[in-house]
Every structure is written in structure tokens, then in C-alpha cells.
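Since every read-out is calculated from the coordinates, none of them should be taken as a lab result. Not measured: the values here are computed from a predicted model. Don't worry about glycine lacking a Cβ; one is built from the backbone with ideal geometry, like all the others, and counts go over all protein chains shown.
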Ligand code: NAP
């Protein structure tokens, strides 16, 4: 099969580097273009990321000597992955979509726009229907977004319960990795030996994005899920992997066995055989001391939500812990899976 040429916008950042790592040797996609700011444009990729390449593997051959371009819609590809700084991503992504590119992005700018899918393929693939409406704005181009890194782990973990029993309340406390703040991100003197009890805008993102994802799409309009969510977000001195303590109330009462069965039966993408889809998407650990970031973040190649400690809650119904890799499942891997779903459903021309 001839591979689809793709570009990575913001290719030099934390998420951009993950895209490079995950797209290298991808069976369907091949990186033909890398873009970044005018600080990097014109440089070789390895020169631009010298001293700040933070991925776990060396810069792949064939990427190191690519010339970085400006993020302008004259790139030799039809699909671009978005990892640009949120302060500038919005209009640039729209320019690409208006020029006929498929834009599959991590940035928050278009997540809550009413003709843009906020997609987790295992959870709300039917929301892709809204792309018919988006055509009025972008013609052959499109924009698809993935949720914020802390939202995605929680929503993926809870989706089977919402589908089967209905969620009415969620209380969540996050312990989020430093890579979630980009590079250089949080100063080491602020975070080492410490926990930072605020991540600007993160709690609002968890409380709003989750409702769109778990809500319905009817007659080209999204309606929010009717769930009360309270999020409390903290930065901890972990490199990768967001751990979350979650308490939930359900509309329909369930036993622990029913919850466990619901998690274990959840695998809605299985038949599609998407290369990046974790199989299964939710891994349930039985040990009392799991999940842990260092031990569990690479489960399903960093794409699975790992949950554990499913137990009764004295205030709501149930509580559990959930872990997901923030720059893979929460960012680059999420976008790549979104693009794979777009291809499988015939949206990539
Ligand atoms: P980062 O490490 O700060 O990287 C930012 C990237 O944006 C760099 O490639 C930078 O290029 C590029 N950029 C900056 N100004 C630009 C401009 N004017 N034109 C084109 N490119 C420009 O940030 P990050 O953590 O990778 O995050 C990237 C995006 O993903 C953000 O929108 C963030 O909110 C979102 N996100 C991040 C995570 C995470 O876990 N880190 C998770 C979910 C979503 P230069 O190197 O040339 O400056």
C-alpha cells in the first residue's frame, strides 16, 4: 500500500517529537514535511532540536536531515498533525483546513467549536458525522481534535460505565506529569520535592470537554452529557503519565462484578484493526498498588488507559485510579489514532 504523506506542525516541541517517534515506521503514514516557528524554519530537524530532543529513542533516520518549514499551507502532503503552541495554532490550523488539508490536532483552539469533533475513537466515533456540516466552512479540508491529556484518560476509563449504567457525577483529582507542560516547561526548582496544586485552565477543560465527548450529536448539533464534574488538577514530579483518582455516581446502580465486566468487555474498535489502537483499550490491574506511572504508562504502547483499585466510595458510588500516557494517549498517539479512524471511515481523500 502506498503510504499517505503527512506533515507535523510544531514538530520540534514535546508533542511534535512524539509524533516523529510514533509516525516513524507507521504502516499507513509517512512524514514528508516538518514545520515549526520562524526560529526553526530553514534549519535541519536535528539542528533545530539539538539539546531538546526528549523522546526515548534517537531521532529517526530520514527525519534528522529534513528541512523545517514555516507552518504555511504549501506543504507536500494532504494531512497535517497539529502540535503547535496554542497561542498561535488556531488561525494557522484554519488556514490549512481552508486550503484543503486534513488537520488532526492536539491544540485546544477548536475543541469546543460546534462543527468540530472532539474525538476519542473508542468513545464517540459517531461524532465524525459533524464533518458533513464542517464541509460548508472548509470544503475538502477538515479539522478534527483530540481532548486535553487529563480528560482523555478519564473519559476513556469511564466510557464503558457511562454507556452501560450512565454517569451522573464525577469527582477527579489528577497527578499530572511535567511533560504535559511542554519543554522546558515547569522549572525544576518549582516541582522537585513538591506538588503544584494548580494547572492553569486544566480543571475547566476536564469539566467541559468530557461533556461534549460523552454527549450526543443529533441534527448536526452537539448536546452535552448530563454529568456533574468537579476536577482538581495537580502537577507532580513525574516525567510522563497522568494518574487520576476518580469517584463516580451512576444513574443505575451496579455491583463491582458488573463494573469489572463492563471494563473487560469494552473494545469497540477491535474489528477495525487500526494500527495504533490498543487492544484492549482499558487494562484493569488487580494489584492494590497499581496503576503507577513508571510501571504502567507504556501499556498498549502508551495508548491504553490503565485502571485499578475499583472500590466502594463512601460519598459517591465507586472510586478508582486511572493512568494514561500524556504525550502518547493524551497527545500525539491520540491524534494518530484519530487519523487512522478518518482513513478507515473514508474521510481522507
Ligand atoms: P512545546 O514543547 O512548547 O512546543 C511548541 C511547538 O510549537 C514547537 O514546535 C514550536 O516551534 C511551535 N511553535 C511555536 N510558535 C510557533 C509559530 N508561530 N508557528 C509555528 N509553530 C510554532 O509544546 P507541547 O507541549 O509540545 O504542546 C504542543 C501543543 O499540544 C500545545 O497546543 C499543547 O497545549 C498541546 N498538548 C500538549 C500535551 C502535552 O502533554 N505536552 C498534551 C495535549 C495537548 P519552535 O521550536 O520553532 O519554537
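Under 15 Å from a label point 7 Å along Cα→Cβ of residue 78: give me every residue in the range 4-24 with its amide N that close.
Within reach of a label on residue 78: 4-7.
Roughly how many nanometres apart are two label points built 7 Å out from the Cα toward the Cβ at residue 132 and residue 112?
In this crude spin-label approximation the distance works out to 2.7 nm.
Give the shape of the range 149-325 as rounded, prolate or oblate, defined through the alpha-carbon gyration tensor: a ≥ b ≥ c are the square roots of its eigenvalues, a/c under 1.5 means rounded, and otherwise the shape is prolate if a/b is larger than b/c and oblate if not.
Details: a/c = 1.43, a/b = 1.34, b/c = 1.06.
Rounded.
Please work out whether the range 265-318 counts as rounded, prolate or oblate from its C-alpha gyration tensor, where a ≥ b ≥ c are the square roots of the eigenvalues and a/c under 1.5 means rounded, while otherwise a/b larger than b/c means prolate and anything else oblate?
Here the range 265-318 falls in the oblate category.
As I understand it, the value is the acute angle between the Cα axis of helix 149-165 and the longest principal axis of the Cα atoms of the chain; what does it come to in degrees, rounded to 10?
50 degrees
Which residues among the range 207-251 fall inside the zone where the amide N is under 14 Å from a point 7 Å beyond the Cα of residue 258, along Cα→Cβ?
So the set is 249-251.
What's the ranking of 329-340, 151-162, 94-105, 123-134 by average number of surrounding C-beta atoms within 10 Å, highest first? Numbers along the way, then the final one.
Values: 329-340: 27.4, 151-162: 25.9, 94-105: 22.2, 123-134: 17.5.
Going by the mean number of other Cβ atoms within 10 Å, highest first, we get 329-340, 151-162, 94-105, 123-134.
What distance in nm lies between label points placed 7 Å from Cα along the C-beta direction at residue 245 and residue 273?
According to this spin-label approximation, the distance is 4.4 nm.
Computed FRET efficiency, Cβ-Cβ of residue 226 and residue 195, R0 25 Å: what is it to the nearest 0.05?
0.15
How tilted is helix 86-98 with respect to the longest principal axis of the chain? Cα atoms for both, answer in degrees (0 to 90, nearest 10).
Around 70 degrees separate the two axes.
Suppose only helical runs count, i.e. DSSP H with n ≥ 4. What mean residue ellipticity at 222 nm does that imply for the chain under -39500 (n - 2.57) per run, divided by all residues and rounded to the nearest 500 deg cm²/dmol? Working shown, then result.
Working: 11 runs with 98 residues, N = 349.
Taken over the chain, the calculation gives -8000 deg cm²/dmol.
Using a 10 Å cut-off on Cβ atoms, rank the peptides 302-308, 168-174, 270-276 from the highest mean neighbour count down.
302-308, 168-174, 270-276
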